[in-house]
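Accompanying notes for the structure given below.
The values are calculated or read from the model by the stated rules, or taken from the named source; none is laboratory data. From a predicted model like this one, the values you see are computed outputs, not experimental measurements. Backbone-built Cβ (ideal geometry, glycine too); neighbour counts: all protein chains shown. Keep in mind that these areas ignore ligands, DNA and RNA; they rest on the heavy atoms of the full protein, side chains included. Shrake-Rupley method; radii C 1.70, N 1.55, O 1.52, S 1.80 Å.
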Amino acid sequence: MKKEISSLHVPHNKHTAGCEPVRIALPREVVLPMNMHSGHDAVPVVAVGDHVKVGQMIAREEGRFSSPVHASVSGTVTEIGTMDTAKGGKTATIRIESDGKMEVDASVQPPVLTDCDSFLQAIRDSGMVGLGGAAFPTWAKLNEARNPDYHVDTVLINAAECEPYITSDHRMMLSHPDWIADGIEYLRKYMSDYLSGAVYKICIEKNKPDAIEVLKKTFADKPYVQIQELNAIYPQGAKQVMLYNATGRVAVAGRRFPSFGALIINVSSLALTAHYLKTGMPLVERIVTVDGPAVAKPMNLIAPIGTSIRELLNVTGLKSEPGKVVVGGPMNGEAICSVDDPVVKVSNAVLAFDEKSAVLPEASACINCGRCIEKCPVGISVASVERMMKIADEEYRVKMLIDTGVRQCVDCACCSYVCPAHRPLLQINQQAKSYLKRYAAEQKEKVGGNTK
């Protein structure tokens with residue numbers, strides 16, 4: 001019998017698990033970034049002064065991996081500008097001043113589905129991405145299952161929501177289990193050539209007994225759907241961890257996920273995809289958990305994409321001045337530049353931390369305790385990565401970095417969390433992964449250049 005991957009038992013802090021989502025008052029304006037997904041920025045197709053309606057495409061996808069952007073309110077385009085991103089770059093933005101009417105665009109109609117191609121194109125047009133954090137375009141993820149070299153026999157529906165505080169997926173499961181069921185049936189119908197005989201495992205942590213009960217009732221007569229109850233550990237929701245804990249299969253760096261016989265899709269992504277296929281309404285709003293030590297009344301809020309985070313904090317109130325505001329979970333989320341930054345597609349949570357909880361201890365020298373290696377869910381030699389990055393010879397540096405296993409890093413921050421020296425181990429891993437990707441791209445370009 002396989003042993004479940006174990007990592008951290010972090011405080012759950014699921015204060016909003018019992019809070020039904022509340023729709024906020026219509027914001028005066030929204031600011032929609034052109035990069036709310038993995039891949040290239042979308043390109044605006046509207047101009048300042050244009051009147052737009054809810055669901056209207058205002059930016060087309062660009063490049064191999066991208067995702068269109070749709071108006072989340074009706075009103076007037078007042079600015080096409082730029083904003084700083086949490087990763088230190090910039091992206092274009094479209095600002096829309098609401099007219100208060102929320103008129104729906106005539107293009108919002110259920111798509112006509114006839115086969116797998118039309119099914120995937122519809123999802124592509126919806127702007128749907130992974131809503132659990134990675135933001136990979138959903139159509140592209142599903143399309144990978146069509147590779148003739150793969151045989152996908154398992155679809156993992158990621159309902160773990162293992163990060164502290166966040167309950168937006170939990171509330172989606174309680175409110176719309178029918179959407180989840182519809183999503184599975186769409187996959188079974190339109191991807192039958194590639195998912196024939198596949199089992200659908202809804203992977204959910206045991207700390208959500210009410211959602212587990214609802215899902216068991218919803219799928220009681222569907223033998224191809226299993227409710228896979230997993231221990232409440234972190235990072236249970238990481239795809240490599242979930243693959244092993246749900247199937248016993250081991251993911252290997254550099255290979256596409258379907259090569260392991262599995263697809264993985266976030267539960268809210270699946271539910272909202274089904275909603276789009278039935279109604280034609282693209283991804284224009286989402287549930288956001290608002291919580292944290294500085295928040296007066298933790299809540300789950302439904303907000304149009306592009307709403308400023310300030311608006312959400314105005315609804316919940318603050319009991320102290322935030323020292324840091326994070327979008328996403330406390331382990332894997334990103335600190336934002338300003339509370340005027342907008343809610344984006346992957347904003348499953350907004351967490352406001354007071355000054356005391358926001359200040360990180362000063363880092364000191366590594367004491368070689370090995371805790372980072374012990375708690376890494378994918379077995380990276382974490383303590384070695386920084387040393388390998390300092391190797392002068394580039395080819396040797398690359399070889400040694402690969403030997404550490406850093407390419408397998410799931411960005412969970414377990415290493416940073418347990419480090420008694422408070423070293424920024426996650427950031428070091430991320431720098432190493434970025435370096436290896438750049439090096440591989442440069443080598444590929446050199447080879448390509450030599451063949452011309």
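To the nearest 0.05, what FRET efficiency results for Glu442 and Val112 with a Förster distance of 60 Å applied to their C-beta separation?
0.85
To the nearest 10, the accessible area of Met388 is 30 Å² with a 1.4 Å probe. Using a probe of 1.4 angstrom and keeping all protein chains present, the accessible surface of segment 309-452 works out to 56 square angstrom per residue. Under the classification rounded if a/c is under 1.5, otherwise prolate if a/b is larger than b/c and oblate if not, where does segment 1-127 fall, given a ≥ b ≥ c as square roots of the Cα gyration tensor eigenvalues? Prolate.
Might you report the magnitude of the Cβ-based charge dipole of the chain about its Cα centre, with Lys and Arg at +1 and Asp and Glu at -1, to the nearest 20 debye?
Approximately 1120 debye in magnitude.
Between Ile367 and Gln121, the simple spin-label model (points 7 angstrom out along Cα→Cβ) gives 6.2 nm. Can you tell me how segment 317-452 classifies by the Cα gyration tensor, rounded, prolate or oblate, using a/c under 1.5 as the rounded cut? Verdict is oblate for segment 317-452.
Please compute the length gained on full extension between Lys390 and Asn147, using 0.36 nm multiplied by the number of residues separating them and subtracting their Cα-Cα distance.
The Lys390-Asn147 span can extend by a further 83.6 nm.
With the Cα gyration tensor of segment 81-183 giving a ≥ b ≥ c as the square roots of its eigenvalues, does the rule (a/c under 1.5 for rounded; else a/b larger than b/c for prolate; else oblate) give rounded, prolate or oblate? In terms of gyration-tensor shape, rounded.
Determine ³J(HN,Hα), in whole Hz, for all residues of segment 105-112 in sequence, where each value follows from phi through the Karplus function 6.51 cos²θ - 1.76 cosθ + 1.60 and θ = phi - 60°; x replaces Gly and Pro. Result, rounded to whole Hz: 5, 4, 6, 7, 9, x, x, 7. Residues whose amide H lies under 5 Å from that of Ser7, counting only those 5 or more places away or on a different chain, are Tyr234; hydrogens are built 1.01 Å from N in the peptide plane. On a 31 Å Cα-Cα criterion, which of the cross-link pairs Lys206/Lys345; Lys101/Lys216; Lys141/Lys433 come out too long? Lys101/Lys216, as the Cα separations exceed 31 Å there.
Shown is the FRET efficiency for Asp411 and Lys101, computed with R0 = 60 Å from the Cβ-Cβ distance and rounded to the nearest 0.05: 0.90.
Loop-located GluC sites (Glu not before Pro) in segment 323-413 (DSSP state other than H, G, I, E, B) with a sparse environment of at most 15 neighbouring Cβ atoms within 10 Å: Glu362.
Check each of the trypsin sites (Lys or Arg not before Pro) in segment 59-92 and keep only those in coil by DSSP with at most 16 other C-beta atoms within 10 angstrom; list them in order.
Here the trypsin sites (Lys or Arg not before Pro) that fit, given the DSSP loop and packing criteria, are Arg64, Lys87.
Using θ = phi - 60° in the Karplus curve 6.51 cos²θ - 1.76 cosθ + 1.60, the 3J(HN,Hα) couplings for segment 48-57 round to 4, x, 5, 8, 10, 10, 4, x, 6, 6 Hz; x is entered for Gly and Pro. Close amide H partners of Met102, meaning residues 5 or more places away or on another chain with modelled amide H under 5 Å apart, are Ser74. What are the aspartates and glutamates whose alpha-carbon lies under 13 Å from the alpha-carbon of Lys217, with same-chain residues fewer than 8 places away excluded? Qualifying aspartates and glutamates at Cα under 13 Å: Asp178. For segment 96-213, the share of accessible area belonging to carbon and sulfur comes to 46 percent (1.4 Å probe, ligands and nucleic acids excluded).
The H on the amide N of Val199, modeled in the peptide plane, is under 5 Å from the matching H of Thr154, Val155, each at least 5 residues off or on a different chain. The residues Arg397, Arg146, sorted by heavy-atom accessible surface at 1.4 Å with ligands and nucleic acids left out, run Arg146, Arg397 from largest to smallest.
Val10 sits with roughly 10 Å² accessible to a 1.4 Å probe, with DNA, RNA and ligands left out of the calculation. I'd like the carbon and sulfur percentage of the solvent accessible area for segment 362-452, probe radius 1.4 Å, heavy atoms only, ligands and nucleic acids excluded. C and S atoms contribute 51 percent here. Among beta bridges from DSSP that stay inside the chain, the antiparallel ones total about 60%.
Of the residues Ser269, Gly55, Pro282, the one whose Cα sits farthest towards the positive end of the charge dipole of the chain is Ser269 (charges of +1 on Lys and Arg Cβ, -1 on Asp and Glu Cβ, taken about the Cα centre). Solvent-accessible surface (1.4 Å probe) assigned to Lys399 amounts to roughly 110 Å². Computed from phi, the 3J(HN,Hα) profile of segment 247-256 under the Karplus parametrisation 6.51, -1.76, 1.60 (θ = phi - 60°) reads 10, x, 8, 10, 7, 10, 4, x, 10, 5 Hz, with x in place of Gly and Pro.
Projected label points at Val22 and Thr76, each 7 Å from Cα along the beta carbon direction, are separated by 3.3 nanometres. Against the criterion of solvent-accessible heavy-atom surface with a 1.4 angstrom probe, Phe65, Phe257 sort, most first, into Phe65, Phe257.
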